[in-house]
Structures are given as structure tokens and as C-alpha cells.
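S.K.: If you scroll down you'll find the structure; I have some questions about it.
The values are calculated or read from the model by the stated rules, or taken from the named source; none is laboratory data. What you see is a predicted model; the values in this text were computed from it and never measured. Using ideal geometry, Cβ is built from the backbone for each residue, glycine included, and neighbour counts are taken over all protein chains shown.
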């Protein structure tokens, strides 16, 4: 299970509501690296991938192909690389 740590930020809805849900987290470099390592271990092991906080747990059993989206914003004042990992469950 990936324990999502760090300072919670913007939140859209509640995972308990059964609707689309989103939550941002602000972390240190070490916290982020640890979470990504844990996520990689769960993906590599196959089966169920879980992510949780003290308040909720979300899970999926992803199937290949997995999807990674990369976006780059080249603004010289505030460069940004965004990685979005999509783990989709197939019935």
C-alpha cells in the first residue's frame, strides 16, 4: 500500500461519494521518492494497487497497458514537468 504523506492541498470531492475524486499533496523530495518507490513496487508485483491516507483508501487492479502522460511547460519564470500515471482496471 502506498501511504500518501505530505501536506494535503486542493481537494475535489470525497472518495466516499462514489464520484470522480482528486487530491493534491505537497511533499519533500524524500517523501515523494519514497512514495514513488512504493508505487513502483506495487505495480511490479502485479495485482491490487492501493493508495491511502489516514482518512481514506483507494484501490485498483490495473491491467496492461499502463499509461504515463508527460507534460512540459517551458515558461522561463516557472518551468514545470508534470507526470500523470494512469492505472486502469479492465473488467
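S.K.: Could we say that residue 42 is within 19 Å of residue 90 (Cα to Cα) and in contact with a strand residue (DSSP E or B) (Cβ under 8 Å, 6 or more places away or on another chain) here?
M.R.: yes
S.K.: Is it the case, given these coordinates, that residue 45 is surrounded by 10 or more Cβ atoms within 10 Å (Cβ to Cβ) and either over 13 Å from the mean Cα position of the chain (by Cα) or modelled with pLDDT of 95 or more (or both)?
M.R.: Working: surrounded by 10 or more Cβ atoms within 10 Å (Cβ to Cβ): no; either over 13 Å from the mean Cα position of the chain (by Cα) or modelled with pLDDT of 95 or more (or both): yes.
No.
S.K.: Which ones in region 1-33 are without any contact (Cβ under 8 Å) to a residue 24 or more places away in the chain, under 20 Å from residue 49 (Cβ atoms) and assigned to a loop (DSSP other than H, G, I, E, B)?
M.R.: Selection gives 18, 20, 27.
S.K.: With 34, 22, 18 as the choices, which residue is at positive phi and either loosely packed, with under 10 Cβ neighbours inside 10 Å or under 13 Å from the mean Cα position of the chain (by Cα) (or both)? Quick ask: steps written out before the conclusion?
M.R.: Details: 34 fails: at positive phi; 22 fails: at positive phi.
Of 34, 22, 18, the one residue that is at positive phi and either loosely packed, with under 10 Cβ neighbours inside 10 Å or under 13 Å from the mean Cα position of the chain (by Cα) (or both) is 18.
S.K.: Please go through region 34-61 and pick out each residue that is part of a loop (DSSP other than H, G, I, E, B) and in contact with a helix residue (DSSP H, G or I) (Cβ under 7 Å, 6 or more places away or on another chain).
M.R.: If the condition is that a residue be part of a loop (DSSP other than H, G, I, E, B) and in contact with a helix residue (DSSP H, G or I) (Cβ under 7 Å, 6 or more places away or on another chain), then 56 is the only one that fits.
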